[in-house]
1. Using alpha-carbon positions, what is the distance between the centroids of segment 49-69 and segment 71-129, in Å?
2. Quick one: net charge around L148, please, counting Lys, Arg +1 and Asp, Glu -1 for every other residue with C-beta under 10 Å from its C-beta.
3. Distance cut-off 20 Å, Cα to Cα: go down the list K141/K166; K41/K141; K2/K141 and report the pairs above it.
4. With n ≥ 4 as the cut-off for DSSP H runs, can you work out [θ] at 222 nm for the chain, using -39500 (n - 2.57) per run divided by the number of residues, rounded to the nearest 500?
5. If you add up the charges near A11, with Lys and Arg at +1 and Asp and Glu at -1, over every other residue whose beta carbon is less than 12 angstrom from its beta carbon, what do you get?
6. Cα-based Rg (one decimal) and Dmax (whole number) for segment 132-185, in Å?
7. List, largest first, the extents of the alpha carbons of the chain along their principal axes, each in whole Å.
8. If you put +1 on each Lys and Arg Cβ and -1 on each Asp and Glu Cβ, how big is the dipole of the chain around its Cα centre, in Debye rounded to 20?
Amino acid sequence: MKHIAAIILAAGSAKRFGSNKLLEPMTLDESTMPMLAHSIKPWLQVFDRINIVVNVNSDALQKAVCQALPEAVNQLRWLVCENANAGIGVSLGYGVRESVEADGWLIGLGDMPSVPAAAIREVKEALINGAMLAAPYYQKKRGHPVGLSASYGNELQQLEHDSGAKEILARDHELISHVNSDQAGICIDIDTSEDLYSYQKHLHSNSKITH
């Protein structure tokens with residue numbers, strides 16, 4: 001069976017948030033953990049090993065995530081990218097170089113805490129079944145994670161600055177295997193403190209309705 005590597009990008013500076021948003025505690029499914037821990041959790045249902053690309057100032061983040069997910073410590077491989085501040089492309093390229101033996105890569109973002117395990121699993125299966133590119137779609141909008149086959153390995157390793165997989169998917173859109181999802185979480189990322197507040201408020205409102 002093909003070996004698909006999981007990469008979660010968590011090395012951003014979060015300038016728009018004002019602090020390290022990935023460390024921010026948030027409550028989801030009655031569990032309060034750092035945002036990054038929530039983002040990682042569904043991946044643990046699909047992968048035995050997860051590569052997490054972080055920056056050089058990530059000691060507190062790594063510690064907080066490991067404390068929140070103690071049963072998963074051995075599944076997490078922390079990749080410290082020294083040039084992470086140069087852009088997401090640099091972080092992605094580093095993650096791919098550190099898992100270059102893979103037959104493909106599933107790329108997720110650390111600020112997307114509501115991506116369901118089902119979407120992760122189905123995009124992974126699309127790559128295993130021969131897709132060149134794969135991504136989940138909610139109401140015709142492309143979300144995460146995105147999958148890229150080994151044929152893109154050299155290009156991914158050479159990414160620079162803020163050019164990431166998005167440009168590849170736009171260029172080769174006709175090669176994307178579409179995975180339909182009924183979960184809006186595949187499209188929700190949290191960039192600002194206002195985003196987090198609105199997101200938590202929305203979750204709280206839904207909880208009141210369903211309980």
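Please treat every number below as a calculation from the coordinates, not as lab data. On a predicted model such as this, the values are computed, not experimentally measured, just so you know. Because the Cβ atoms are built from the backbone with ideal geometry, glycine has one as well, and the counts that use them run over all protein chains shown.
1. A separation of 13 Å, based on Cα centres.
2. Working: positive: none; negative: E155, D172.
Once all neighbours under 10 Å are counted, the net charge is -2.
3. Working: K141/K166 13 Å; K41/K141 23 Å; K2/K141 28 Å.
Over 20 Å apart, Cα to Cα: K41/K141; K2/K141.
4. Working: 7 runs with 68 residues, N = 211.
When only DSSP H runs of four or more count, the value is -9500 deg cm²/dmol.
5. Details: positive: none; negative: E82, D111.
My count for the surroundings of A11 gives -2.
6. Gyration radius and largest Cα-Cα distance of segment 132-185: 11.7, 34 Å.
7. Sorted from largest, the Cα extents of the chain read 46, 37, 32 Å.
8. Details: 18 positive and 24 negative charges, 56 e Å.
About 280 debye.
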